[in-house]
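To start, the structure under review is shown below, and the notes come after it.
The values are calculated or read from the model by the stated rules, or taken from the named source; none is laboratory data. Nothing here was measured: the structure is a model prediction, and the numbers come from that model. Don't worry about glycine lacking a Cβ; one is built from the backbone with ideal geometry, like all the others, and counts go over all protein chains shown.
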Amino acid sequence: MHSYSEAVNYLMQKLPMFSRIGEAAYKKDLTNIRKLCEALHHPETQFPAIHIAGTNGKGSVSHMLAAIFQQAGYKTGLYTSPHLIDFRERIRINGQMIPEEEVVAFVCKTQSLTESIGPSFFELTVAMAFDYFAREQVEMAIVETGLGGRLDSTNILMPELSIITNISFDHQHLLGNALAAIASEKAGIIKPGVPVVIGEYHPETFPVFAEKARACNSPLFLASPNQAEKTSGWVVEAGQGTEPWIFRSVTDERVWHCHPDLTGNYQQKNIATVLTAIDVFNRHCTEGRAWISPDQVLAALQQVKKLTGLRGRWDIICNHPRIVLDVAHNEAGIQEVMQQTARENYRQLHVVTGFVKDKDIPAALRQFPTHAHYYFTQAQLPRALEVTTLQALAQTYGLSGQAYATVSEACAAALRQAAPDDMILVCGSVFVVGEALQVLEKPVSE
């Protein structure tokens, strides 16, 4: 194996990949990742980390935290999934993707081990990230779980801080059909004595986290302002138009003003989670290290995309017509995006959308407005819901539009039909957004 394309093809085609085939690739234990990391001399123990789980928001929170640690001068690793365009988006240090030659070298050195253990794509990718972070001696790694928490491959970490952004319905067939059951899986990242930040309060899920934190003797902090005891947290108010956003601490007199570059109003919850996490880090995790200042936090939040390469979160790539891409793909995420869309000014709304088969698609479709023009499509992967099936299902919810075999064709049709004062929204699947980015905008080079 000599080239990057050969290495990525090996990873994606030879190993079971959840994003392509779904549940068949999900390994419900940590055996393989432990074997891989043991063979690699336990890289997971060689760097400090912040571990992040949650149904929605964990990608945004991960990238914001990475931007803040970079801005504060830390050599910062970032592991997220899935990628939009390039596999290397998953593994970054100080915003720079892992070099192609590092991917090739890792695949080569672990090939015989891989063929004896039989890991999934995700398990081997986590091992690659941890190995890279250890060898590069990162000073902080921000690590996002893939799916769930308790049995996620990233959960072999012993982090300095754990974060659970929120809990809503997604992957019920793997994580459970009740919010408390899903919360129990996510709570699996709570480790003995390690502080944990909970992004949003929910009466069904918070007791699960509180009980697990008590059992682990882990200090628990709530970022959401609707708690009875104001022991932690922030209230974040989105600015109107060009006005700055306002961040208010619920614990003291701090009031900060900022123009964040992640502008979807749903980021208010994520920013509150990030600010709480930094407060907890400064209070509990800075012995022998630099404290992170308000100026560093605010400077980072104004340039998260530039510092980390984040895409696909209320990602405005054109104004005439206004083109927005968002990776929202489940009921709660779509609901947030539609609330944001309703605040926009446009003549006509055009929606390019497609889903993967294993989502609760009816629950998501119920969030879409009936007044939009729809361009139904499917990403190029086996898990994608067949477009004519989606079109027929959408019609039962009063959503009408044409079916297109590819994302490229759907985007081209939307562009042809959209007037300069219209809006085109692409959402429903990370994979649809990734393909749309390549059609609607040249990929951002690094």
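Collect the residues in the stretch 121-152 that are of a type in the set (Gly, Ala, Ser) and either within 20 Å of residue 93 (Cα to Cα) or touching a strand residue (DSSP E or B) at 6+ places or on another chain (Cβ under 6 Å) (or both), keeping them in residue-number order.
If the condition is that a residue be of a type in the set (Gly, Ala, Ser) and either within 20 Å of residue 93 (Cα to Cα) or touching a strand residue (DSSP E or B) at 6+ places or on another chain (Cβ under 6 Å) (or both), then 127, 129, 134, 141, 146, 149 are the ones that fit.
Scanning the stretch 113-158 for residues that are basic (Lys, Arg) and part of a loop (DSSP other than H, G, I, E, B) returns a single hit, 150.
Scan the stretch 317-352 for residues that are of a type in the set (Val, Ile, Thr), in a strand (DSSP E or B) and out of contact with any helix residue (DSSP H, G or I) (no Cβ under 7 Å at 6 or more places or on another chain) and the total you get is 2.
For the residues 253, 200, 211, the requirement of being within 30 Å of residue 341 (Cα to Cα) and among the acidic types (Asp, Glu) singles out 200.
Considering only the stretch 249-313, give the helices (runs of 4 or more DSSP H) lying wholly within it that have at least 3 residues that are of a type in the set (Phe, Trp, Tyr) and outside the structural domain of residue 340 (by TED's automatic domain parsing).
Per the criteria, no element qualifies.
Residues in the stretch 94-113 that are under 21 Å from residue 157 (Cα atoms) and buried (at least 20 other Cβ atoms within 10 Å of the Cβ): 2 in all. When each of 384, 414 is tested for being within 25 Å of residue 263 (Cβ to Cβ) and either in contact with a helix residue (DSSP H, G or I) (Cβ under 6 Å, 6 or more places away or on another chain) or hydrophobic (A, V, I, L, M, F, W, C) (or both), the lone residue that passes is 414.
Within the stretch 375-385, not a single residue is out of contact with any Gly (no Cβ under 7 Å at 6 or more places or on another chain), assigned by TED's automatic domain parsing to the domain that holds residue 428, buried (at least 20 other Cβ atoms within 10 Å of the Cβ) and not in a loop (DSSP other than H, G, I, E, B). Do we find that residue 296 is closer than 26 Å to residue 342 by Cβ and in contact with a Gly (Cβ under 9 Å, 6 or more places away or on another chain) in this structure? Considered against the rule, which asks whether it is closer than 26 Å to residue 342 by Cβ and in contact with a Gly (Cβ under 9 Å, 6 or more places away or on another chain), residue 296 comes out as no.
Sub-6 Å Cβ pairs linking a first residue in the stretch 105-123 that is more than 23 Å from residue 143 (Cα to Cα) to a second residue that is at pLDDT below 90, at least 6 apart or interchain, are 108/1, ordered by first then second residue. Only one entry in 43, 82 is over 20 Å from residue 158 (Cα atoms) and touching a Lys or Arg at 6+ places or on another chain (Cβ under 8 Å), namely 82. Only one of the numbered conditions (1) in contact with a strand residue (DSSP E or B) (Cβ under 6 Å, 6 or more places away or on another chain); (2) buried (at least 21 other Cβ atoms within 10 Å of the Cβ); (3) within 28 Å of residue 86 (Cβ to Cβ) is not met by residue 399, and that is (3). Applying a threshold of 6 Å to beta carbon distances and a minimum spacing of six or more residues, or different chains, the list of pairs starting in the stretch 288-312 at a residue that is without any contact (Cβ under 8 Å) to a residue 12 or more places away in the chain and ending at one that is polar (S, T, N, Q) reads 291/282. State which residue is farthest from residue 85 (Cα to Cα) when the search covers only the stretch 411-432 and only residues that are touching a residue at least 24 places away in the same chain (Cβ under 8 Å) and charged (D, E, K, R). Out of the qualifying residues, it is 421. If the condition is being of a type in the set (Lys, Arg) and surrounded by fewer than 20 Cβ atoms within 10 Å (Cβ to Cβ), then the stretch 32-67 contributes 34, 35. One residue stands out among those in the stretch 205-220 that are over 20 Å from residue 272 (Cβ atoms) and surrounded by fewer than 17 Cβ atoms within 10 Å (Cβ to Cβ): the one that is modelled with the lowest pLDDT, which is 207. Considering only residues in the stretch 159-169 that are surrounded by fewer than 22 Cβ atoms within 10 Å (Cβ to Cβ) and under 17 Å from the mean Cα position of the chain (by Cα), the one that is modelled with the lowest pLDDT turns out to be 169. If you check 179, 174 for being modelled with pLDDT under 95, touching a Ser or Thr at 6+ places or on another chain (Cβ under 9 Å), assigned by TED's automatic domain parsing to the domain that holds residue 282 and surrounded by fewer than 20 Cβ atoms within 10 Å (Cβ to Cβ), only one passes: 179. Restricting attention to the stretch 359-374, the residues being free of Cβ contacts under 8 Å to residues at least 60 places away in the same chain and either assigned to a loop (DSSP other than H, G, I, E, B) or of a type in the set (A, V, I, L, M, F, W, C) (or both) number 9. Inside the stretch 68-84, residues that are small (Gly, Ala, Ser) and either buried (at least 24 other Cβ atoms within 10 Å of the Cβ) or within 11 Å of the chain's Cα centre (by Cα) (or both) make up a count of 2.
Can you run down the residue pairs with Cβ atoms below 6 Å, 6 or more apart or on separate chains, where the first is in the stretch 345-358 and assigned by TED's automatic domain parsing to the domain that holds residue 383 and the partner is of a type in the set (Lys, Arg)? Pairs found: 356/383; 357/383.
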